[in-house]
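Data block below; observations after.
Since every read-out is calculated from the coordinates, none of them should be taken as a lab result. Please read all numbers here as calculations on a predicted model, not as lab measurements. FYI the Cβ positions are ideal-geometry reconstructions off the backbone, even for glycines, and counts take in every protein chain you see.
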Amino acid sequence: MALERTFSIIKPDATRRNLTGAITARFEEAGLRVVASKRIQLSLAQAQEFYGVHKDRPFFGELTEFMVSEPIVVQVLEGENAIAKNRDVMGATNPADADAGTIRKDYALSIGENSVHGSDAPETAAQEIAFFFSGLELVG
Ligand code: RTP
Ligand code: MG
């Protein structure tokens, strides 16, 4: 299979606890290469736009407030089958349901403060990468 790219966020609960390196190591150990990475502070408007698909869900306010509560680290990960591989390494949304050895099992605090985001399909990966990065910032 050809190389694929996916978009990842190390969320505020994880940056706050200095888990950026540990989480990045999990990606690299799984064979995903970090081809772009930056630490940023999202505005509330940016968080609401990024999570627009969830705007009618009961957790939307909580989620967007959480995502602006501390800086985040946004990354583009590249590898074979990167989207599925990244979601395997992340584990289930709710850490109580996540498999042993996954990032969310080991680090997530709750279903909301669950340490990482990862794109769920090729179309969303492309959109999410373009939301945060210019082509010049992607160095394969
Ligand atoms: P993500 O998009 O962050 O990679 O996570 P996901 O696909 O596993 O989860 P999704 O259903 O897309 O939900 C997006 C994020 O919203 C928060 N959430 N809170 N309180 C709740 O019931 C609840 N449900 C979801 C989580 O931070 C989740 O990652
Ligand atoms: Mg999702």
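Could you work out the helix-only [θ] at 222 nm for the chain, with each DSSP H run of four or more residues adding -39,500 (n - 2.57) and the total divided by the number of residues, to the nearest 500 deg cm²/dmol? List each step's numbers first, then the result.
Details: 7 runs with 55 residues, N = 140.
Taking each H run of at least 4 residues, the total per residue is -10500 deg cm²/dmol.
Where does the stretch 42-83 land on Rg(C-alpha)/(2.2 N^0.38 Å)? All intermediate terms of the calculation are to be shown ahead of the outcome.
Values: Rg = 12.6 Å, N = 42, 2.2 N^0.38 = 9.1 Å.
Output field value: 1.39.
Round to a whole angstrom and tell me the spacing of the C-alpha centers of the stretch 1-58 and the stretch 65-82.
If we compute the Cα centre of each part, the gap is 1 Å.
Measure off 7 Å from each Cα along the Cα-to-Cβ vector at Ser43 and Glu65, then give the distance between these two points in nanometres to one decimal.
Calculated label separation equals 2.1 nm.
On a straight-distance basis, which lysines could pair with Lys38 in a cross-link, Cα separation under 24 angstrom, same-chain partners fewer than 8 positions away excluded?
Leaving aside lysines fewer than 8 places away in the same chain, those within reach of Lys38 are Lys11, Lys85.
Over the chain, with a Gaussian network built from C-alpha contacts below 10 Å, which listed residue (Ala98, Ala82, Ala108) shows the highest mean-square fluctuation?
Ala98
If I take every Cα pair under 8 Å that is 6 or more residues apart in the chain, average their sequence separation and divide by the length, what percent do I get for the relative contact order? Mind dumping the intermediate values first?
Details: 246 pairs, mean separation 52.4, N = 140.
37 percent.
Can you list residues from other chains, or at least 5 along the same chain, whose modelled amide H is less than 5 Å from the amide H of Ser119?
Distant-sequence amide H within range of Ser119: Phe7.
Count neighbours as other Cβ atoms within 10 Å of each site's Cβ, and list the chymotrypsin sites (Phe, Trp or Tyr not before Pro) in the stretch 51-140 that are DSSP loop with at most 13 such neighbours. Walk me through the numbers on the way to the answer.
On the way: sites: Tyr51, Phe59, Phe60, Phe66, Tyr107, Phe131, Phe132, Phe133; in loops: Tyr51, Phe59, Phe133.
Hits after loop and neighbour filter: Phe59.
Based on the alpha carbons, how large is the Rg to Rh ratio for the chain when Rh follows Kirkwood?
When Rh is taken as the Kirkwood radius, the ratio is 0.93.
Between Glu128, Glu80, Glu113, find the one with the highest GNM mean-square fluctuation for the chain; connect C-alpha pairs within less than 10 Å.
Of Glu128, Glu80, Glu113, the Gaussian network model singles out Glu80 as fluctuating most.
Can you put His54, His117 in order of Cβ neighbours within 10 angstrom, beginning with the fewest? The partial results should precede the final answer.
Details: His54 13, His117 19.
By the 10 Å Cβ count, ascending: His54, His117.
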